[in-house]
Each structure stands twice: as structure tokens, then as C-alpha cells.
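Since the structure comes first, as C-alpha cells, the remarks are kept for the end.
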Amino acid sequence: MGACVSQSSKQAPDSQRTQASSGNSAAASAKRSGPAPSSAGSSAAGSKYGRYGSKAYTVVKDLEASQDSHTSSLRLMRNNTTNELVAAKWVPREAGAALSRATEREIINHRRLRHPNIVCFREVYTTDSHLVIVMEYVAGGRFENMLSNQGALPEKEARRYFGQLIDAVAYCHEQGVFHRALNMGNLLVEPQPSGPAVLKVSDFAYSKNALLDSRPKTMIGDLTYTCPELLLGLRVDDGNDTGRSADVWACGVILYKMLTGLLPFRDSDKPNQLTRGAAQNIVNVQWSMPADVQVSPNCLDLLNHIFVKDPKGRLDAIAIKQHPWFTAQPESPAVKMPLPPERQTVSEIQAIIERARKRRQEMMDRQKSARSNSNSNGTTNGHHSSHRDRGTSSINSASSSRSRSGHRDSR
């Protein structure tokens, strides 16, 4: 849902919530809740934003402000019952496209995914002016910011994070959901009280469902992560697997960037943009590791089996998990965090979205009616004014005639 900074709802790790003693349960609760605002801060937030929907949440602050009345914003909110911090995407009703079938698809696809390496969907509700999508809050922010701060990762660390990414992508594909916009900006990190952070996939705004949606065939998201077949506009006759192979290609770009801090298919003059030269490198699958970056033969072999021009010859997510780069040096299993229960059914979500569309249509009808009345009043006033002007003109003409007549008489 929008790729966005911290698109999520704060969820304590398994070790905190299921293995905590009574002594550290309070600490776990504090972590989930975040620091409580002062009474002044709380009052300020309440006076600025008020309470919305079913009064289940109070807005704490903006995480990402909208650019105009037609774009969504991201806000940090607090659950008034559990004191838990969540992130919420606020989609304005003025944004017609944002309340389209694509938004419904984003919500339905995200809702069905329940995985510890995927930002957890919570619920959706409406206000008088917005559709609000509530998600897990991931306090660590974007993975790319972490990478920028600490530089390229050692191979072992890259394997751990990439393994979590592939676990999430393999799960999505098993559920028939293709992300279609995987890039560094859509990966978040959740800090852990002990041990490394956990990677989470966010933003399903461009996702598609193998059973419900059309074949993925368009270029979306960050084009530097785009696979050759989409750049060439080729149809791949393997059902919706275009989305599957495109996701795998993007994962390869992410792995390369974890290891080097660079894009694999880059223009030396503009290394972070999809220039003509970079696009040609993608189409021709021209890439190499920097001379100062040393990786294992298994790692290079994996990249060579991901960066394959023919999507049918590209490894899928399950095959990647079984590649020797993972099996030869297995990592300790990731902590499996319990996921919160689902709060809304698909039909309930669809009904909420439909209400949002209906309210938007009613708002548009009122605006149209107001404009029509304004134009009608303007025409009427103009008609009356014209009569008055003609009347005034006649009087002035008569007066002028009398004046000229008087002058003639005086002569």
C-alpha cells in the first residue's frame, strides 16, 4: 500500500510476547505501544486530528504528508483499546483513481497475506473525507536507509535478509499474489531486542491476484528493477507467471544491491536512473560484480540463475530457497511471530470501500449541483442586469435627446 515509510503496525517479536516472563512483559507492552505522549502532546494531536471512524484510534503524527488533496498520506496512530501503535494510509475521497478497483485489489490482496516477513494488514474504515487502511507499524523504517547508513552488507548478513525476502515472496506466490513493485523502498526493518532486525515486505498497491486479476503486463514501480520481458513489452504465455518471474528478477536486483550498494544494470553517468544505456544492459542482461566486492561462487551462481533473459529459465522463489547458497550454509530459522487474528472479512472490506465510493459520488453530485445553481444564478442575474442596462441606456438616450433639443431651442 503505498510504498511508504513504515507501512505497518507495531508488533512485538515472538520472544517478547510468548516467552516473556512477568518481569519483562511490561517492557514488551511498552515496545508495542511506543513512548506514551505527554498530556500536552496527546491533547495537541487530538485537537488537530480528532478521533475518526469508530473512535478506535487516535492520530499521533504524520509519517508522510500528502502532496495535494488527491494523494494519500501516512499517519502514525494509537489503538485506544490496546495502546498499540499502527500505521495508516489515508486515501482522500477526492482521489477518484485511489478509490478504484485497484485500491480494492490492493486491500484484498494484502489482507490475505499472513506472514512474519510481510507487513500485517489490520483493517479498513472510512471517515467523511478519507478511506483509512490500517497496518502494522514497523519502527525501523526503510531497509534502504539502513543500507545507506552502514554500507553494503557482508555476504552472510545479505543471505539472512535475502532469505527472509524470498520466504515472503515464495509465500505470496503460493497464495497467488504477485507484488510487481519489489524494490529497496518497499522493504522495512523491524528492530529486535536481541539479534538482527527482521525484514518485512510492504506496499501492495500494484499487486495482482492470479485467480482474480488480468495478466500482469505493464511496467510499474521503480523501473530500475524491471525485468527484460516487461521492458521489451513481450507476452509470456505462462498465465500470470509474468508477475512471478518479474518478482524474482526484482529480488535479484535487491540481492545485488545488498552486496554492493549499487544497481546491477546501471549507467555509469547516472547509476540510479533507468537511462537508455541501463535499459539496454537489462535487455542484454549485461552485469558484473565490482572488482572490490568478493562473494562466494554459490552466490554468483544464484545471481546468474536469477538474471536470465528468458523468464521460463529463471529460478522461481521455491527453487531459490533450495539453491546451494542457502542449503550449503543454512541459517538458523527465523523467529516466527504469532500474527493477530483477522478483523474483517472480504465482504466487509468490499462493503466499506463501496460506501467510500458512494460517499465520493454523493460529494461529486453535490458539487456539480452547486456549480449548476451558481451558473444558473449567474445567467439570471446577467439577464436582469441586461434589462437594467437597456433601461438605463434608454433613459440616458432620451435625456441626451432632450438635451440636444433644448440646445437647439435656445439657439
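Just so you know, all these numbers are worked out from the coordinates, no wet-lab data involved. Because the structure is predicted, anything quoted here is derived from the model rather than measured. With ideal geometry, Cβ positions are generated from the backbone for all residues, glycine too; neighbour counts draw on all protein chains shown.
If you count, for each residue, the other Cβ atoms within 10 Å and average over each peptide, how do 318-325, 245-252 line up from highest to lowest?
245-252, 318-325
Compared with the alpha-carbon gap, the fully stretched path from Val293 to Asn373 is longer by 21.9 nm at 0.36 nm per residue. With each label modelled as a point 7 angstrom along the Cα→C-beta vector, the Lys270-Asn304 pair spans 3.3 nm.
Against the compact-protein benchmark of 2.2 N^0.38 Å, the Cα-based radius of gyration of the stretch 143-327 scales to 0.97. Shape analysis of the stretch 80-191 places it in the prolate category; the axes a ≥ b ≥ c from the Cα gyration tensor give an a/c of at least 1.5, with a/b above b/c.
Go ahead and run the numbers for FRET between Lys312 and Asn80, Cβ-Cβ distance against an R0 of 41 Å, rounding to 0.05. E(calc), rounded to 0.05, equals 0.20. Each residue, Glu174 and Ala65, gets one label point 7 Å from its Cα in the Cβ direction; the gap between the two is 4.3 nm.
Consider a paramagnetic label point 7 Å from the Cα of Ser148 along Cα→Cβ; state which residues of the stretch 254-271 have an amide N under 15 Å from it. What the label zone holds, given the 15 Å backbone N cut-off, is 261-263.
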